[in-house]
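Visitor: There's a structure below that I have some questions on.
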Amino acid sequence: MTTLDQIPAPPEGSSFSLVKIEKVSIPHPYCITPKHVAIASDQFCGMLGTEAIEAAERQGAHCGMRGCNLRCDQHESSKTLFIRVPQNCDLNAIPGLHAYLRSIQAKAAELGIEGFAFPTSNVV
């Protein structure tokens, strides 16, 4: 498990701070439907794994999110480092942010971090 203490802290006095490391689903988490559950129950001893989901999709099941027609493998998730920034601020104008991101780039990649999110001070 990757934790914030594995990432070098921002320089003292920075206007940005580390918040959390979390998986982010794009465009959203894949939503299981009763059809997925029924097929898993009937054909996979109740195990709702990748094989059961793919079998259900071959039999007409799809993501339960209204309007979503993407297959399960088209829903992605990536480990993301959340860095709190000042509200209403251009990321390029935050002193030291660009240099900090470059300085942690190799460590982030080593830890499997695939992206960054920049919530404002009043959002987490």
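Visitor: For the range 5-36, which positions are surrounded by 16 or more Cβ atoms within 10 Å (Cβ to Cβ), touching a helix residue (DSSP H, G or I) at 6+ places or on another chain (Cβ under 7 Å) and not in a loop (DSSP other than H, G, I, E, B)?
Guide: Of everything in the range 5-36, those that are surrounded by 16 or more Cβ atoms within 10 Å (Cβ to Cβ), touching a helix residue (DSSP H, G or I) at 6+ places or on another chain (Cβ under 7 Å) and not in a loop (DSSP other than H, G, I, E, B) turn out to be 18, 21, 36.
Visitor: Go through (1) surrounded by 13 or more Cβ atoms within 10 Å (Cβ to Cβ); (2) in a loop (DSSP other than H, G, I, E, B); (3) free of Cβ contacts under 8 Å to residues at least 40 places away in the same chain and name the single condition residue 56 misses.
Guide: Among (1) surrounded by 13 or more Cβ atoms within 10 Å (Cβ to Cβ); (2) in a loop (DSSP other than H, G, I, E, B); (3) free of Cβ contacts under 8 Å to residues at least 40 places away in the same chain, residue 56 violates only (2).
Visitor: Let me ask you something else. Could you run through the range 66-99 and say how many residues are modelled with pLDDT of 95 or more, surrounded by 13 or more Cβ atoms within 10 Å (Cβ to Cβ) and in a helix (DSSP H, G or I)?
Guide: Of the residues in that region, 2 qualify.
A quick yes/no check of all residues on (1) closer than 30 Å to residue 11 by Cα; (2) free of Cβ contacts under 8 Å to residues at least 24 places away in the same chain:
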residue	(1), (2)
22	yes, no
36	no, no
42	no, yes
52	no, yes
61	no, no
91	yes, no
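Visitor: Against the condition surrounded by fewer than 14 Cβ atoms within 10 Å (Cβ to Cβ) and either at pLDDT 95 or above or acidic (Asp, Glu) (or both), how does residue 102 come out, does it pass?
Guide: Details: surrounded by fewer than 14 Cβ atoms within 10 Å (Cβ to Cβ): yes; either at pLDDT 95 or above or acidic (Asp, Glu) (or both): yes.
Against the criterion (surrounded by fewer than 14 Cβ atoms within 10 Å (Cβ to Cβ) and either at pLDDT 95 or above or acidic (Asp, Glu) (or both)), residue 102 qualifies.
Visitor: Another one. If residue 107 passes every condition in (1) under 19 Å from the mean Cα position of the chain (by Cα); (2) among the basic types (Lys, Arg); (3) surrounded by 15 or more Cβ atoms within 10 Å (Cβ to Cβ) but one, which one does it miss?
Guide: Condition not satisfied by residue 107: (3).
The values are calculated or read from the model by the stated rules, or taken from the named source; none is laboratory data. Values in this document were obtained by computation on a predicted structure and should not be read as measured data. Cβ sites come from the backbone with ideal geometry, for glycine too, and all protein chains shown count toward neighbours.
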